[in-house]
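What follows is one structure encoded as structure tokens, with my remarks underneath.
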Amino acid sequence: MVLKKKKTTIRDVAMVAGVSYQTVSRVMNDNDSVAEETRRRVLRAMHDLDFVPNKIAQMLTTNRSHTLELIVVGVMHGGRFAESIKSMVQAAGDTGYDLLVTMEDDIDKLGFALGNAAARLVDGVVIYAPSLRISDEKLLQVCNGMPLVRRDYVPGSHLAWVGFDQVHATCMAIEYLIELGHRHIAAIPPSLNLINGEWRYQTWKATLLRYFLLKTSPIPRD
């Protein structure tokens, strides 16, 4: 019979470090009230005992999980999108967070996904829903107090977002072609159901209108 190794507890660490278990708990939760020498002694004891903190207990104590969740709704994934997720995971890890990824095909399931994220006590969510058109007030209500960031800007929104300035980038591309002497400039934007697709289409049309009074025929919508 193989005997299971007894799991090291916070009290074991406290005994080796010569402190109370409350002090070990404060070190684990990055409390500033612990003297630096005491902190080093506790960390050394944790290392020597191969101590693995109980994350659930930490979550209950600090009300933080050090976990973020990326909620992706209605996105064709692969290629550059996969690279984007990889970069998000790395950025989260660099700041001490884990990143969970939830995929939903149906935009109507966003509320369900946000409810699950709240139940997991995540510290915040990143929402990538390129066809989601919803007011800030409604989205904040569905998030139920969880901090959130949207991937890509949404017209009229005042929420935090990370992405590209689609208007500026599209305008720069068209003006560059005009400066090269081109006068018949076509565009193949993404689906106009996508917010970025509509941004690019409208910017393409407005830029040509500004330069040529719309001498170039617009691309018909699908």
Residues that are in contact with a Lys or Arg (Cβ under 8 Å, 6 or more places away or on another chain), of a type in the set (A, V, I, L, M, F, W, C) and in a helix (DSSP H, G or I), drawn from the stretch 158-196: Ile195
Subset of the stretch 23-49 that is open to solvent by 40 Å² or more (accessible area, probe 1.4 Å), free of Cβ contacts under 8 Å to residues at least 40 places away in the same chain and not in a helix (DSSP H, G or I) - its residue that is nearest to Ile10 (Cα to Cα): Asn29
Residue ID - farthest from the chain's Cα centre (by Cα), chosen from residues in the stretch 143-174 that are open to solvent by 50 Å² or more (accessible area, probe 1.4 Å) and among the β-branched types (Val, Ile, Thr): Val167
Odd one out for Gly78 among (1) at pLDDT below 85; (2) touching a helix residue (DSSP H, G or I) at 6+ places or on another chain (Cβ under 9 Å): (2)
Which numbered condition Trp199 misses (of (1) open to solvent by 60 Å² or more (accessible area, probe 1.4 Å); (2) free of Cβ contacts under 8 Å to residues at least 12 places away in the same chain; (3) in a helix (DSSP H, G or I)): (2)
Given (1) surrounded by 15 or more Cβ atoms within 10 Å (Cβ to Cβ); (2) touching a Ser or Thr at 6+ places or on another chain (Cβ under 7 Å), index of the condition His184 fails: (1)
Whichever residue in the stretch 86-107 is open to solvent by less than 60 Å² (accessible area, probe 1.4 Å) and under 17 Å from Arg64 (Cα atoms) and, among such residues, is farthest from the chain's Cα centre (by Cα): Gly96
Within the stretch 90-110, considering residues that are of a type in the set (A, V, I, L, M) and not in a helix (DSSP H, G or I), the one farthest from Val126 (Cα to Cα): Met103
Conditions (1) farther than 25 Å from Pro189 by Cα; (2) at pLDDT 90 or above: number failed by Lys109: (2)
Residues located in the stretch 50-66, provided they are open to solvent by 80 Å² or more (accessible area, probe 1.4 Å) and modelled with pLDDT under 80: Val52, Lys55, Ile56, Leu60, Thr61, Asn63, Arg64
Check on Val126, in a helix (DSSP H, G or I) and under 19 Å from the mean Cα position of the chain (by Cα): no
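Of everything in the stretch 19-31, what is touching a helix residue (DSSP H, G or I) at 6+ places or on another chain (Cβ under 7 Å) and farther than 9 Å from Val42 by Cβ? Give them in sequence order.
Taking the stretch 19-31 as the starting set, the residues that turn out to be touching a helix residue (DSSP H, G or I) at 6+ places or on another chain (Cβ under 7 Å) are 19-21, 23-25, 27-29.
The answer is Ser20, Tyr21, Ser25, Asn29.
The values are calculated or read from the model by the stated rules, or taken from the named source; none is laboratory data. Since the model is a prediction, treat every value here as computed from it, not as a measurement. When we count neighbours, we look across all protein chains shown, and the Cβ atoms used for this are built from the backbone with ideal geometry, even at glycine. With ligands, DNA and RNA removed, areas are computed over all heavy atoms of the protein, side chains included. Shrake-Rupley method; radii C 1.70, N 1.55, O 1.52, S 1.80 Å.
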